[in-house]
Amino acid sequence: MSNKPKWKDPGIILTIIMSLYAMVVFFWWPTDIYWLGVSLVGWLMFFGLFFWMVLGFIYVFWVEKLDKQKAS
C-alpha cells in the first residue's frame, strides 16, 4: 500500500476532467445555438469523441509511466 493521495491517481483526475466536459455539454443542451446548421451541442459531442480518445491515450501512457517508476 502506498501513501500516495487518491487525488493524484490518474483515473480520478481523468474522470473529473471527463465529468466536467460532460457537464458543460449537458448544461449547454437546452440552448438553441447552431453552427453550420448543426446544434452546438452536436458539435461538442462530435469533438468530444476525439477528446475522449486523447484522454484514453493520456491515461494509458500515464499509468505505464507510473508502473515503470514503481518497478525501478
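The values are calculated or read from the model by the stated rules, or taken from the named source; none is laboratory data. Model, not experiment: these values are computed from the prediction. Positions of Cβ are backbone-derived with ideal geometry, glycine not excepted, and every protein chain shown enters the neighbour counts. Heads up: the accessible areas ignore ligands, DNA and RNA and are worked out on the full protein's heavy atoms, side chains in. Shrake-Rupley method; radii C 1.70, N 1.55, O 1.52, S 1.80 Å.
From 17, 12, 33, grab the single residue that is at pLDDT 80 or above, in contact with a Lys or Arg (Cβ under 8 Å, 6 or more places away or on another chain) and at negative phi. Steps first, please.
Working: 17 fails: in contact with a Lys or Arg (Cβ under 8 Å, 6 or more places away or on another chain); 33 fails: in contact with a Lys or Arg (Cβ under 8 Å, 6 or more places away or on another chain).
Going through 17, 12, 33 in turn, just one is at pLDDT 80 or above, in contact with a Lys or Arg (Cβ under 8 Å, 6 or more places away or on another chain) and at negative phi: 12.
Could you list, ordered by first residue, the pairs with Cβ atoms under 9 Å in which the first is in the stretch 12-26 and part of a helix (DSSP H, G or I) and the second is of a type in the set (D, E, K, R) and open to solvent by 60 Å² or more (accessible area, probe 1.4 Å), at least 6 apart or interchain?
12/6
Only one of these is at pLDDT below 80 and either surrounded by 10 or more Cβ atoms within 10 Å (Cβ to Cβ) or assigned to a helix (DSSP H, G or I) (or both): 7, 52, 43, 62. Name it. Write out each step before concluding.
Numbers: 52 fails: at pLDDT below 80; 43 fails: at pLDDT below 80; 62 fails: at pLDDT below 80.
Going through 7, 52, 43, 62 in turn, the sole match is 7.
Do any residues in the stretch 28-39 that are open to solvent by less than 70 Å² (accessible area, probe 1.4 Å) have Cβ atoms under 9 Å from those of residues that are part of a strand (DSSP E or B) and among the acidic types (Asp, Glu), where the two are at least six apart or on different chains, and which pairs are they?
So the pair list comes out empty.
Any residue in the stretch 51-72 that is under 19 Å from residue 8 (Cβ atoms) sitting within a Cβ distance under 6 Å of a residue that is surrounded by 10 or more Cβ atoms within 10 Å (Cβ to Cβ) and of a type outside the set (Gly, Ala, Ser)? List the pairs, counting only those 6 or more apart or interchain.
55/14; 59/10; 59/14; 62/10; 63/10
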